Amino acid sequence: MKIGVMSYIAVRRAVKRCLPFYRFALLSFCLLSLLPLTVTAQTTDTPVPLTVVETGDSIGRLLAPMDSIAREDAALLQEDTTSVVVAKPEKKRVPRDWSTWKPNPQRALWLALVLPGAGQIYNRKYWKLPIIYGGFMGCIYALTWNNMMYKDYSQAYLDIMDKDPNTASYNKFLHLGRQVTPQNEERYQKIFKSRKDRYRRWRDMSFFVMLGVYAISVIDAYVDAELSVFDISKDLSLKVSPAVIPTGIGGGRGSVLQAQSLGVNCSLNF
């Protein structure tokens, strides 16, 4: 729509620029049309009464419609320009006030699920990142180490059980000067089997601990975002004071002491 209006304006401007040329051509045509009448009147022997033609009025009457069209075009051009060229108000970006900003728990939960630690970054709790990533790095290191030891002891256990002297990878686990003999072979078989099972158990435990660190990071991000609007003003207080509690026991000697007992009174203001 804007392109059509601008094309129409351009055409109007071109017509307005050509108006002086049209006026000059019309004026020349009128003068040339009156010239033969004047020559005939001068060459004829019989005097012919000449009619005075007011050329100025006739030309003005002929040019009047064109002047009105020009004025209408100028008015329309001004109206179109005014209607098209409208200054749009610029939207000013208001800076965010971080002092009153509250995180969204759902967004914090999804960020923590996708990327560990992203929920803490969204909650602006950057000091928790070393704890979370430190836990992940420790679990990954333990998982890698225990898996390597499990594979080594598994191979050593297979070598000591196959009775083949060419496969003796278990010798690198023996102390200096120790050898496997038929007398102690059964004892070393039990040792390698127990260590193989131990490193496998520790490897699996490292994996589950890493899953626990991941779950804790997700829960922490969600709970931290939920508690961001929790009221921790000075109105929350817990008072503990000694109190005398009636027991309802009466009658007899010393009934006053038996009817009351000492206790603790706890009051919570919120």
Can we say residue 168 is small (Gly, Ala, Ser) and surrounded by 15 or more Cβ atoms within 10 Å (Cβ to Cβ)? no
The stretch 149-167 residues that are closer than 19 Å to residue 204 by Cβ, paired with ones that are of a type in the set (A, V, I, L, M, F, W, C) (beta carbon under 8 Å, 6 or more apart): 152/173; 153/173; 153/192; 157/192
Selection from the stretch 119-133 of residues closer than 12 Å to residue 214 by Cα and in contact (Cβ under 8 Å) with a residue 40 or more places away in the chain yields 119, 132
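Any residue at all in the stretch 201-219 that is more than 29 Å from residue 128 (Cα to Cα) and of a type outside the set (A, V, I, L, M, F, W, C)? Break it down stepwise before answering.
Let us first name the residues in the stretch 201-219 that are more than 29 Å from residue 128 (Cα to Cα), namely 201.
If we keep only those that are of a type outside the set (A, V, I, L, M, F, W, C) too, we end up with 201.
Yes, that holds for at least one residue.
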Members of the stretch 93-126 that are of a type in the set (Val, Ile, Thr) and over 15 Å from the mean Cα position of the chain (by Cα): 94, 100
Identify the residue in the stretch 171-205 that is touching a residue at least 24 places away in the same chain (Cβ under 8 Å) and over 59 Å from the mean Cα position of the chain (by Cα) and, among all such residues, is least open to solvent (accessible area, probe 1.4 Å). 188
Inside the stretch 208-235, can you point out the residues that are open to solvent by 40 Å² or more (accessible area, probe 1.4 Å) and in contact with a helix residue (DSSP H, G or I) (Cβ under 6 Å, 6 or more places away or on another chain)? 209, 222, 226
Looking only at residues that are at pLDDT below 75 and polar (S, T, N, Q) in the stretch 217-260, which one is farthest from the chain's Cα centre (by Cα)? 255
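The values are calculated or read from the model by the stated rules, or taken from the named source; none is laboratory data. Quick caveat: nothing in here was measured; it's all calculated off a predicted structure. Note that each Cβ is placed from the backbone with ideal geometry, even for glycine, and that neighbours are counted across all protein chains shown. The area values use the complete protein model at the heavy-atom level, side chains included, leaving out ligands, DNA and RNA. Shrake-Rupley method; radii C 1.70, N 1.55, O 1.52, S 1.80 Å.
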